[in-house]
Each structure stands twice: as C-alpha cells, then as structure tokens.
Amino acid sequence: MEEAIAKVKFDLGPEAIILHTRRLQRSWPMRLLRNNSVEITAALDVNLMEQKENTNGNGISKNGTGEAIETRFDQIQLEVEEIKSIVRTIANQLTDPLFQEVPACFLDVYEKLLQSKVEDEIAKKLMKQVQEQLTTSQLATPQILQEKLISEMAKMIPVSPPLSLGDEQRKVVALIGPTGAGKTTTIAKLAARYCLYEGKKAVFLTADTYRIAAVDQLKTYAEIIGAPIEIVFNSQDAREALERHEDKDLVLIDTAGRSPLNETQMNELASLMNVCSPDEIHLVLSVTTKMSDQMNAIKRFSVVPINRIIFTKLDETNTPGTMLNIVNKSKVAISYLTVGQNVPEDIKVAESQKLANLILGVPLDE
Ligand SMILES: Nc1nc2c(ncn2[C@@H]2O[C@H](COP(=O)(O)OP(=O)(O)OP(=O)(O)O)[C@@H](O)[C@H]2O)c(=O)[nH]1
Ligand SMILES: [Mg+2]
C-alpha cells in the first residue's frame, strides 16, 4: 500500500487525494505466482489547488482576505441556485404539453402569463397577435416582444375614466358586490378624494342596515370626511334622501354585501337600484376571490345594470391575470383598483397599460 501511495504522489503530486483503496486478494495457486496487489483510486482537486495558488500559505488570499473567498463562494452558490431554477423551468416546459406548441421566443412571457393565472386560451391568442405583427428579428429581441405583448394585452383591458363631477349635475354612484369585497372602504376612499382633495360636496347613502357595525363603519368615515350620511331602510327612505340632497355634487350609495347565490337579496338590491337609478353602478370584486366565484358574481349581480368593475385587494394577490380573464369575458370596463386598507390613499384609477404590466410582473407603481 505504501509503495502504491508513493506512486500516486509521484504521478499526481502532493495535492493528490486518495478516493478509494482496495486490496486484491488472489486465490491460493495464483498467490504462488504473484504477490497480492492493491488498487488505489486518486484524483487531483483542482479547486483546492487554485485556492492554494491564490493564498500565501496561511489560507489568506493574496488579493484580499478569507472574506473574499467566502463572498465569491456565496456568489457561486447564488448562481448555482439560479441555474438550477432555470433548468427546472425548462424541464417543466419540456414535459408540460401546454408549452409544446409555444415558439421558443415566447417561452418566458408565456410562463409569466400562466403564473399570473391568465387563461391559456387568452395567453395563446395574445402571443399569436404579437407573432403576426412583429418581424423575425423583432421577435428575437425580448424587450420588443414584451412591449408589444403588453400593448396588445392593454387593448384587451377596457377601463373607464375616473368619476367626473361637472359643475351642473349631481352624480349618483352605487357600489354593489359580494360580502367583504371592500365596498364601504372604497366608498370612503372615493369620498375623501373628491371632498378633501377637490372640495366637492358628497353625501353617503347606506342601505346596509343588516349589521349594526356596517352603519357605524360608514358613519366614522363620514365624520372624518365631513360629509352627511343617510341611512335608508326602504325605497321610500331612499327616494326622500335623494331629494334632500339635490345640492350635492356626488351621492355615494353603499349597499349591504349580498351573496350572489341568494335570489331574494339580488331582487332587493335590484329594486333599490331601480329607485335610486344611479348614473353609475360599480361592481366591487376582490381579486383574492376564486375566479369562478368572481365570474358567478358578475352573472348574478347583472340583475342590475353594472357599468363598471372595481377590483380590490390587489395588494393581496400574485395572480392579477384573473382580471384580464374576467374583463375579457364580461366586457365591463374597470374603473378603479384598490391596493390596501388605507383610506384614502390606497386607490388608483384603472389604466390598461399599467394593468398589463402588472400581469407580466411589473408593480403598479413603476
Ligand atoms: N388588503 C386590502 N384590504 C382591503 C382592501 N379594501 C378593503 N379591504 C379590507 O377588506 C375588509 C372588508 O372591507 P369593507 O369595505 O368593509 O367591505 P364591504 O364590501 O363593505 O363588506 P360588507 O359590507 O360586509 O359586504 C376590511 O378589513 C378592509 O380594510 C384592499 O384594497 N386591500
Ligand atoms: Mg360594507
């Protein structure tokens, strides 16, 4: 064994690393002819040698300290993780039948669209439109391809301008929607925006008398904003309240959260909307709700003429692509987006381009 190790060191030098040794036992008659032998597997550790070359023998790097090596090591580890995740993505793409017909230049954006929960059919339609409009060299430039995809996607997202309050006519706006979607909070944000920033006169009208806390919630906002509040229990109350506030610029009607599955509630809501005949009815949907439930809500709430959709709680989702699916089917324009619980700041006027960017992973504020 000693002799063999010496041979290894002679051949490979003192840095040689012994990986494996084995004594080869010969059977009795063979042992007469030859001695027992040993087998050694050895290798050179290239990394160790490089490291040694760069140090002055104390483990301290020539061009810095041990810290430099550690930093480099961390970098390499990060790079390895990155490569692993790319390999995983490519492996998934290769085995996923969805990716089979997608041209290579679209793989990256396609992955992003699916991650955002854009429906496959819509994603493929978008890519087809882009492919038809760009040249081969443009398609090979990821930035051009992505910009075109965003502009095509933006065309599929109808939006409405913010509430415009003229000098002459009062505007009546109602917010309806499933329970807990964010109607009352959004009404407070809108009222604050128009009353505090633009000096308009608003009144709150609430038909949410089912829960004591609901009226208190709106009353608190009304006090802060300095706007009157009317609590209506029936159609007659609603009619009278609207007459009393002819002088206001804006009437904001808050409604009780209704279950889209409850037909009686839907009919009650329809008759209230009939009496108030709002200029605009905004359906409030939380993006944290399952897409099929959001679609069902649109269908059921359509007993009243919905003009707009307000999507809420965008701060709580990483699948904003569902908004594209919903407006693509319903064709109802998006008016506002809400992005947090803070009144009044967490509300934004919907913009197609920004929404399309968001769906591809660019935050709304950029
Ligand atoms: N994270 C987040 N939370 C929100 C947003 N908008 C509203 N909320 C929260 O959602 C919860 C319900 O909000 P409300 O405004 O009371 O909802 P609602 O639709 O009036 O509820 P009901 O009247 O019970 O039907 C509250 O805790 C709000 O603070 C938003 O954009 N982001
Ligand atoms: Mg409410």
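Mind counting the residues in the stretch 320-362 that are assigned to a loop (DSSP other than H, G, I, E, B), hydrophobic (A, V, I, L, M, F, W, C) and under 14 Å from MET295 (Cα atoms)? Qualifying residue count, the stretch 320-362: 1. Which of the residues that make up the stretch 99-133 are at pLDDT below 90 and either outside any helix (DSSP H, G or I) or of a type in the set (Ser, Thr, Tyr) (or both)? The answer is GLN100, GLU101, VAL102, PRO103.
Considering the stretch 241-258 alone, what residues qualify as being over 23 Å from GLU168 (Cβ atoms) and more than 14 Å from ligand 2 (Cβ to nearest atom)? Those that are over 23 Å from GLU168 (Cβ atoms) and more than 14 Å from ligand 2 (Cβ to nearest atom): none in the stretch 241-258. The residues in the stretch 137-164 that are within 23 Å of ILE347 (Cβ to Cβ) and among the hydroxyl-bearing types (Ser, Thr, Tyr) can be counted, and the count is 2.
Restricted to the stretch 326-366, and to residues that are touching a Leu at 6+ places or on another chain (Cβ under 6 Å) and of a type in the set (D, E, K, R), which residue is nearest to ALA191 (Cα to Cα)? Per the stated criteria, the residue is LYS348. Pairs linking a residue in the stretch 239-254 that is under 18 Å from TYR221 (Cα atoms) and touching a residue at least 60 places away in the same chain (Cβ under 8 Å) to a residue that is more than 16 Å from ligand 1 (Cβ to nearest atom) and aromatic (Phe, Trp, Tyr), with Cβ atoms under 7 Å and 6 or more positions apart or on different chains, are LEU250/TYR194.
Could we say that VAL232 is away from ligand 1 (no atom under 16 Å from the Cβ), under 23 Å from ILE306 (Cα atoms) and of a type outside the set (Ser, Thr, Tyr) here? So VAL232 does not fit the description; no. The residues of the stretch 134-148 that are of a type outside the set (S, T, N, Q) and not in a loop (DSSP other than H, G, I, E, B), listed by number, are LEU139, PRO142, ILE144, LEU145, GLU147, LYS148.
Condition (residue is among the polar types (S, T, N, Q) and within 15 Å of HIS245 (Cβ to Cβ)) applied to the stretch 207-220: is it met by at least one residue? Checked against the condition, which is being among the polar types (S, T, N, Q) and within 15 Å of HIS245 (Cβ to Cβ), the stretch 207-220 yields no hits at all.
Residues in the stretch 259-285 that are part of a loop (DSSP other than H, G, I, E, B) and either within 14 Å of ligand 1 (Cβ to nearest atom) or in contact (Cβ under 8 Å) with a residue 60 or more places away in the chain (or both): SER259, PRO260, ASN262, SER277, PRO278, ASP279. Checking each residue of the stretch 329-347 against the condition of being in contact (Cβ under 8 Å) with a residue 24 or more places away in the chain, in contact with a Lys or Arg (Cβ under 9 Å, 6 or more places away or on another chain), more than 25 Å from LEU126 (Cβ to Cβ) and of a type in the set (Phe, Trp, Tyr) gives no match.
Might you check whether a residue that is of a type outside the set (D, E, K, R), surrounded by 17 or more Cβ atoms within 10 Å (Cβ to Cβ), away from ligand 1 (no atom under 16 Å from the Cβ) and under 19 Å from the mean Cα position of the chain (by Cα) occurs anywhere in the stretch 87-110? Checking the stretch 87-110: at least one residue is of a type outside the set (D, E, K, R), surrounded by 17 or more Cβ atoms within 10 Å (Cβ to Cβ), away from ligand 1 (no atom under 16 Å from the Cβ) and under 19 Å from the mean Cα position of the chain (by Cα). Figure legend. Inter-residue proximity from the stretch 100-126: first residues hydroxyl-bearing (Ser, Thr, Tyr), second residues part of a helix (DSSP H, G or I), beta-carbon distance below 8 Å, spacing 6+ or different chains. Indicated pairs: TYR110/PHE99; TYR110/ALA123; TYR110/MET127; SER116/GLY321; SER116/ILE359. Scanning the stretch 189-221 for residues that are within 10 Å of ligand 2 (Cβ to nearest atom), among the small types (Gly, Ala, Ser) and in contact (Cβ under 8 Å) with a residue 12 or more places away in the chain gives a single hit, ALA214.
The values are calculated or read from the model by the stated rules, or taken from the named source; none is laboratory data. Nothing here was measured: the structure is a model prediction, and the numbers come from that model. Glycine gets a Cβ as well: all are built from the backbone with ideal geometry, and neighbour counts include every protein chain shown.
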